[in-house]
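Novice: Following this message is one structure expressed as structure tokens.
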Amino acid sequence: MTTLSPLFAPRKLGALPLRNRFLRSAAFEGMCPGGLPSDELVEHHRQMAAGGVGMTIIAYASVLPEGRTYGHQLLMTADGVVPALRRVTDAVHAEGAAAAIQIGHCGYFASPEVTGERPVGPSAVFNTYALAKSRAATPVDLERILAAFARAAHQAREAGFDALELQASHGYLLSQFLSPFTNRRTDEYGGSLENRLRFPLAVLRRMRQVVGASNRYAPRYRGHGGDSSN
């Protein structure tokens with residue numbers, strides 16, 4: 001008798017049942033001209049699901065136009081983005097997999113050629129990637145970005161996603177707040193580790209207020225690892 005690897009066994013991610021432990025990671029697809037999912041993106045993730053992964057993750061959806069490094073990145077403020085994303089989740093769910101989306105803001109990594117404005121980050125830092133110097137986020141900026149993350153989480157819920165991945169790595173905005181190299185603030189968001197964590201944790205709390213702490217918003221996905229009822 002052949003014993004399958006535990007990787008193929010059903011598993012739960014929080015309250016979300018997955019048919020196995022294989023995830024298609026949020027690797028940038030470059031398939032969102034005008035900020036909206038293309039037919040190619042829908043088919044790409046459908047194929048991932050048809051291939052047997054437990055969950056596939058759409059890569060980098062910017063919560064604001066200013067948070068992009070490329071013009072063909074998914075943009076959560078684009079007109080019609082929710083029904084367009086619903087095409088992806090419907091296709092993935094039809095193949096028996098769960099669907100997630102990675103949302104974020106690239107902060108001072110933003111390209112002025114793409115956004116048409118000076119990048120915003122925790123502090124005024126020169127970015128050799130975009131060849132631009134960022135401006136330090138004001139309290140008004142921080143509240144605006146917090147609201148954008150919450151709005152994007154709500155949109156993801158409406159589009160039928162089973163999970164959210166928060167982009168807090170790769171030198172993008174939230175990790176810029178964590179690093180003392182890019183966060184040189186002297187207010188409550190800079191200095192100690194506790195202060196540097198303050199804004200990323202505020203983003204997480206604001207998103208939790210919108211979607212909750214568990215999977216409660218994808219009733220059409222049943223999975224194969226247990227009950228996913230609301």
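The values are calculated or read from the model by the stated rules, or taken from the named source; none is laboratory data. All of these numbers come straight from a predicted model, not from anything done at the bench. Cβ coordinates were reconstructed from backbone atoms using ideal geometry, including for glycine residues, and neighbour counts include every protein chain displayed. Protein only, heavy atoms only, side chains kept; ligands, DNA and RNA dropped before computing areas. Shrake-Rupley method; radii C 1.70, N 1.55, O 1.52, S 1.80 Å.
Novice: Based on what the data block shows, is VAL140 of a type in the set (Val, Ile, Thr) and either open to solvent by 50 Å² or more (accessible area, probe 1.4 Å) or modelled with pLDDT of 95 or more (or both)? Give the steps one after another, and end with the answer.
Specialist: Values: of a type in the set (Val, Ile, Thr): yes; either open to solvent by 50 Å² or more (accessible area, probe 1.4 Å) or modelled with pLDDT of 95 or more (or both): yes.
Here the answer is yes, as VAL140 does meet what is asked.
Novice: To continue, here is another question. What residue, of ARG151, ARG198, is of a type in the set (D, E, K, R), modelled with pLDDT of 95 or more and under 23 Å from LEU75 (Cβ atoms)? First the steps, then the outcome.
Specialist: Details: ARG198 fails: under 23 Å from LEU75 (Cβ atoms).
Result of the check over ARG151, ARG198: ARG151.
Novice: When you scan segment 65-74, do you find a residue that is in contact (Cβ under 8 Å) with a residue 60 or more places away in the chain and either closer than 29 Å to ALA130 by Cα or open to solvent by 50 Å² or more (accessible area, probe 1.4 Å) (or both), even just one? Spell out how you get there, then give the answer.
Specialist: Initial filter on segment 65-74 (in contact (Cβ under 8 Å) with a residue 60 or more places away in the chain): 67, 69.
Of the ones still in play, those that are also either closer than 29 Å to ALA130 by Cα or open to solvent by 50 Å² or more (accessible area, probe 1.4 Å) (or both) are 67, 69.
Within segment 65-74, one or more residues are in contact (Cβ under 8 Å) with a residue 60 or more places away in the chain and either closer than 29 Å to ALA130 by Cα or open to solvent by 50 Å² or more (accessible area, probe 1.4 Å) (or both).
Novice: Here's something else I'd like to know. Counting just the residues of segment 87-123 that are touching an Asp or Glu at 6+ places or on another chain (Cβ under 6 Å) and of a type in the set (S, T, N, Q), which one comes out nearest to ALA49 (Cα to Cα)?
Specialist: Going through the qualifying residues, I end up with GLN102.
Novice: Name the one entry in VAL92, VAL88, VAL82, VAL53 that is out of contact with any strand residue (DSSP E or B) (no Cβ under 9 Å at 6 or more places or on another chain) and either closer than 17 Å to ARG157 by Cα or open to solvent by 10 Å² or more (accessible area, probe 1.4 Å) (or both).
Specialist: From the options VAL92, VAL88, VAL82, VAL53, the qualifying one is VAL82.
Novice: Scan segment 179-190 and report the pairs whose first residue is over 16 Å from PHE126 (Cβ atoms) and whose second residue is open to solvent by 50 Å² or more (accessible area, probe 1.4 Å) and assigned to a loop (DSSP other than H, G, I, E, B), with Cβ atoms within less than 7 Å and a gap of 6+ or a chain change.
Specialist: GLY190/ARG184
Novice: Working only within segment 95-108, note down all residues that are more than 16 Å from the chain's Cα centre (by Cα) and surrounded by fewer than 24 Cβ atoms within 10 Å (Cβ to Cβ).
Specialist: Answer for segment 95-108, where residues must be more than 16 Å from the chain's Cα centre (by Cα) and surrounded by fewer than 24 Cβ atoms within 10 Å (Cβ to Cβ): GLU95, GLY96.
Novice: Can you confirm whether segment 176-183 contains a residue that is modelled with pLDDT of 95 or more, within 14 Å of the chain's Cα centre (by Cα) and not in a loop (DSSP other than H, G, I, E, B)?
Specialist: no
Novice: Among residues belonging to segment 184-198 that are in a helix (DSSP H, G or I) and not basic (Lys, Arg), point out the one that is most open to solvent (accessible area, probe 1.4 Å).
Specialist: Taking the candidates together, the pick is GLU194.
Novice: Looking only at segment 74-98, count how many residues are out of contact with any helix residue (DSSP H, G or I) (no Cβ under 7 Å at 6 or more places or on another chain) and farther than 28 Å from ARG19 by Cβ.
Specialist: 2
Novice: For residues that are within 14 Å of ALA98 (Cβ to Cβ) and surrounded by 20 or more Cβ atoms within 10 Å (Cβ to Cβ), tally how many sit in segment 20-45.
Specialist: Number of matching residues: 3.
Novice: Continuing with this model, one more query. Scan segment 86-99 and give yes if some residue there is touching a Leu at 6+ places or on another chain (Cβ under 8 Å) and in a helix (DSSP H, G or I), otherwise no.
Specialist: yes
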